[in-house]
Amino acid sequence: MRAAFIAVTTLFFAWGFITAMIDPLIPSVRAIFNLSYTQSMLTQFAFFMSYGIVSLPGAALVARAGYGRSILIALVAMIVGCLVIPVATSVQRYELVLVALFIIGSGITVLQLAANPLAAVLGPSERSHFRLTFSQAFNSLGTVIAPYLGSMLMLRGGIFDKAGAAADCSGQQRRLVAEHRYVIPVDSRNDYPARGVHLAFLRSAEPRGTPAGTGA
């Protein structure tokens, strides 16, 4: 009985962790698939839409298959959804990512429908409220840890390092132009060759897409 309760509590942590990973996933898919902000927000929409669509069918499934089988079906659905995501990124199809997130969200919906009452019945009935609250505390712990770990895993390296390096390079070029913009001495205004060399230097240091002579 205790081992079963620990397993169910682990599921509470797992679905809280996965749900909180959706937020750091948004800038990740936006960078990978070159999406607009509106398109990238479909990531959340596809995931949480499953809660409203699958709730009633999921309740019917739990009533028919029981808690244990429903949990196994939910876990299999979540695994399938997770396997679809790398396929979607390899073929560069954002639509497949949305389908995968809907499948994962559907699995989590069924998981919640089965695990909540199961946590309450695993033990003496007078302590059912304590067991349910204890399990839900680990769900909250998962939602706290996931954004930090998710940002470290999904928002560092690869395309994000390249974007950061490009931003640093652009910033250095802008600072370089700002530092040398007013270095022409007033009493050298008749020194046209020197001024020509200086202006050529400024033009070469100017970031692409920014006309020479404009402010950073």
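The values are calculated or read from the model by the stated rules, or taken from the named source; none is laboratory data. In this text the structure is predicted, and so the values were computed from the model without any measurement. Note: ideal-geometry Cβ built from the backbone for every residue, glycine included; neighbour counts use all protein chains shown.
Being at pLDDT below 95, buried (at least 19 other Cβ atoms within 10 Å of the Cβ) and in the same structural domain as T9 (by TED's automatic domain parsing) narrows it down to one of A65, A137, A120, A114, so name that one.
Checking each option against the conditions leaves just A114.
Show me the helices (runs of 4 or more DSSP H) entirely contained within region 1-99 in which 1 or more residues are among the polar types (S, T, N, Q) and touching a Ser or Thr at 6+ places or on another chain (Cβ under 6 Å).
Fully inside region 1-99 and qualifying: 2-20, 42-91.
State which residue pairs qualify: first residue within 20 Å of T133 (Cβ to Cβ) and inside region 105-118, second residue surrounded by fewer than 24 Cβ atoms within 10 Å (Cβ to Cβ) and basic (K, R) in any location, beta carbons under 9 Å apart, and separation of 6 or more residues or different chains.
Every condition considered, the pairs that remain are A114/R69.
Could you go through region 94-107 and let me know if any residue there is surrounded by fewer than 18 Cβ atoms within 10 Å (Cβ to Cβ) and under 18 Å from L11 (Cα atoms).
No, every residue in region 94-107 fails to be surrounded by fewer than 18 Cβ atoms within 10 Å (Cβ to Cβ) and under 18 Å from L11 (Cα atoms).
What is the one condition in (1) surrounded by 15 or more Cβ atoms within 10 Å (Cβ to Cβ); (2) at pLDDT below 85 that L153 does not satisfy?
Evaluating L153 over (1) surrounded by 15 or more Cβ atoms within 10 Å (Cβ to Cβ); (2) at pLDDT below 85 leaves (1) as the failure.
Considering (1) farther than 22 Å from L132 by Cβ; (2) surrounded by 15 or more Cβ atoms within 10 Å (Cβ to Cβ), say which one M41 fails and leave the rest.
Of the numbered conditions (1) farther than 22 Å from L132 by Cβ; (2) surrounded by 15 or more Cβ atoms within 10 Å (Cβ to Cβ), the odd one out for M41 is (2).
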